[in-house]
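K.L.:
Please read through the structure below; I'll follow up with questions.
Nothing in this text is a laboratory measurement; each read-out follows from the coordinates by a stated rule. Values in this document were obtained by computation on a predicted structure and should not be read as measured data. We place every Cβ from the backbone using ideal geometry, glycine too, and count neighbours over all the protein chains shown.
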Amino acid sequence: MKTINLNTAEGIKAFLFPDNQPHVNIQGIADGEEIKVICSITDSVKMMQLLQTANALDNLFAKKKILVIPYLMAARFDRLMQHGDSIDLKVVANLVNSCGFERVYLFDVHSDVATMLINNAINITNQQMVEAYQQPDALLICPDAGAAKKVAKYFDWNSNLKDIVYCSKNRNLANGKLTLEVLEPNACLNRNCVIIDDICDGGATFLAIAEQIQPAHLTLIVTHGVFSKGFAALEQKFNEIIVSNSFCKEYGSSIVKQIAAQL
């Protein structure tokens, strides 16, 4: 099986015309070959390149067997938030479905709505991220209701995790204002603490948690790291951040440990 990797330009040339039209040219694929395509859909250009790759494979009469999506754009916008909104995940899922792959692998996707909307989809868990944590006798902090659905397996995957504390989190969809309360902050006092979640965008959720506790050591584990507001505030509160390479971005921070997604 041949691999085309849009994240690393393996087996493909991609470029933009002067008017910002993307274009791809597939390299070294013979008619009828079985193909695996890897593409982190981080923006609309990458989405377009994936669609063009699928079209080029059709032109080559290749067998589109497997699609691997380490990062899925719009995974968080999986429902109608406000009147008049688009449901962005449904739009992206329809585009992915149009590519016609026999199997689609997602990496620690935000919710099971994605696996329901994308044909032939399988979610790969964040087990490798949880296993990377090495601080002993640790307390797990669960940031919200979405993360709470996943925590039961974490204790099986990493024996360093001993206890858990939950948070109550609400976000005003009209203005984005966040309200978060750590329900048992005293349990975190002088403990090794770790927050595990699927994505960090600006980091407001995790900074709100860090402001309410006094741990001995604080780690943030996120599968997908956008870090849209940089690391200055996070470096003041966290000793370590463990993140995968799913977002295809280099992180210029001394506290970041980046690990390759095993997909």
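K.L.:
Which whole-number percent is the relative contact order of the range 112-263 (Cα, under 8 Å, 6+ apart)?
P.N.:
19 percent
K.L.:
May I have the count of lysine pairs in the range 2-124 with C-alpha atoms under 12 Å apart, counting pairs 8 or more residues apart or located on different chains?
P.N.:
Eligible lysine pairs with Cα atoms under 12 Å apart amount to 7.
K.L.:
OK, next. In sequence order, what are the phi-derived ³J(HN,Hα) couplings for the range 238-255 according to the Karplus relation 6.51 cos²θ - 1.76 cosθ + 1.60 with θ = phi - 60°, rounded to whole Hz, with x for glycine and proline?
P.N.:
Listing the rounded values in order: 10, 7, 7, 10, 10, 9, 7, 9, 4, 8, 6, 9, 8, 10, x, 9, 6, 8 Hz.
K.L.:
Moving on. List PHE15, PHE155, PHE247 from most exposed to least, where exposure is judged by having the fewest other Cβ atoms within 10 Å.
P.N.:
PHE15, PHE155, PHE247
K.L.:
With the Cα gyration tensor of the range 1-107 giving a ≥ b ≥ c as the square roots of its eigenvalues, does the rule (a/c under 1.5 for rounded; else a/b larger than b/c for prolate; else oblate) give rounded, prolate or oblate?
P.N.:
Note, shape of the range 1-107 comes out prolate.
K.L.:
Describe numerically, in nm with one decimal, the distance between label points set 7 Å from Cα along Cα→Cβ at THR115 and at LEU263.
P.N.:
Between THR115 and LEU263, the simple spin-label model gives 1.6 nm.
K.L.:
What net charge do the residues around ILE35 carry, taking every other residue with its C-beta under 9 Å from that of ILE35, with Lys and Arg at +1 and Asp and Glu at -1?
P.N.:
Taking every Cβ under 9 Å from that of ILE35, the sum is +3.
K.L.:
Less than 10 Å Cβ to Cβ from LEU207, Lys/Arg counted +1 and Asp/Glu -1: what total charge do the surrounding residues give?
P.N.:
Summing Lys and Arg as +1 and Asp and Glu as -1 gives +1.
K.L.:
For every other residue with a beta carbon closer than 14 angstrom to the beta carbon of ILE4, add +1 if it is Lys or Arg and -1 if Asp or Glu, then tell me the sum.
P.N.:
So the environment of ILE4 carries a net charge of +3.
K.L.:
Using the Cα centre of the range 2-124 as the reference point, and only Cβ charges (+1 on K/R, -1 on D/E), how large is the resulting charge dipole? Debye, rounded to the nearest 20.
P.N.:
Charge dipole of the range 2-124: 140 debye, to the nearest 20.
K.L.:
Given that just one value was derived from the coordinates, which of (i) 15.2; (ii) 13.7; (iii) 18.3 is mean projected area of the Cα convex hull in nm²?
P.N.:
It is the value labelled (i).
K.L.:
When a/c is below 1.5 the answer is rounded, else prolate if a/b is larger than b/c, else oblate, so apply that to the range 127-259 with a ≥ b ≥ c taken from the square roots of the Cα gyration tensor eigenvalues.
P.N.:
Rounded.
K.L.:
Also, quick follow-up: For the range 78-171, just say rounded, prolate or oblate: build the C-alpha gyration tensor, square-root its eigenvalues into a ≥ b ≥ c, call rounded for a/c under 1.5, and beyond that prolate if a/b exceeds b/c, oblate if not.
P.N.:
The shape class here is oblate.
K.L.:
For the chain, what are the DSSP H helices with axial Cα length of 15 Å or more and mean Kyte-Doolittle hydropathy of at least 0.5?
P.N.:
Span-like helices here: 88-98.
K.L.:
If you rank VAL109, VAL130 by fewest surrounding Cβ atoms within 10 Å, what's the result?
P.N.:
Ascending Cβ contact count within 10 Å gives the list VAL130, VAL109.
K.L.:
Please go through the range 160-263 and write out the trypsin sites (Lys or Arg not before Pro) that DSSP classes as loop and that have at most 10 other C-beta atoms within 10 Å.
P.N.:
LYS177
K.L.:
Another one. Per-residue ellipticity at 222 nm for the chain, helices alone: DSSP H runs ≥ 4 residues times -39500 (n - 2.57), over residue total, nearest 500 deg cm²/dmol?
P.N.:
It comes out at -6500 deg cm²/dmol, rounded to the nearest 500.
K.L.:
For ILE241, enumerate residues with amide H under 5 Å from its amide H, sequence gap 5+ or separate chain, H modeled in the peptide plane.
P.N.:
Sorted by chain and number, the residues that satisfy this are LEU220, VAL256, LYS257.
K.L.:
For VAL37, list long-range residues whose amide hydrogen, built 1.01 Å from N in the peptide plane, is under 5 Å from its own amide hydrogen.
P.N.:
ILE4, ILE66, LEU67, VAL68
K.L.:
Taking the number of other C-beta atoms within 10 Å as the exposure measure, put HIS110, HIS224, HIS23, HIS83 in order starting with the fewest.
P.N.:
Ranked by crowding around the Cβ, least crowded first: HIS83, HIS23, HIS110, HIS224.
K.L.:
What are the ³J(HN,Hα) couplings of the range 104-113, residue after residue, when phi is run through the Karplus curve with 6.51, -1.76, 1.60 and θ = phi - 60°? Round to Hz, x for glycine and proline.
P.N.:
10, 9, 10, 10, 6, 5, 4, 8, 6, 4
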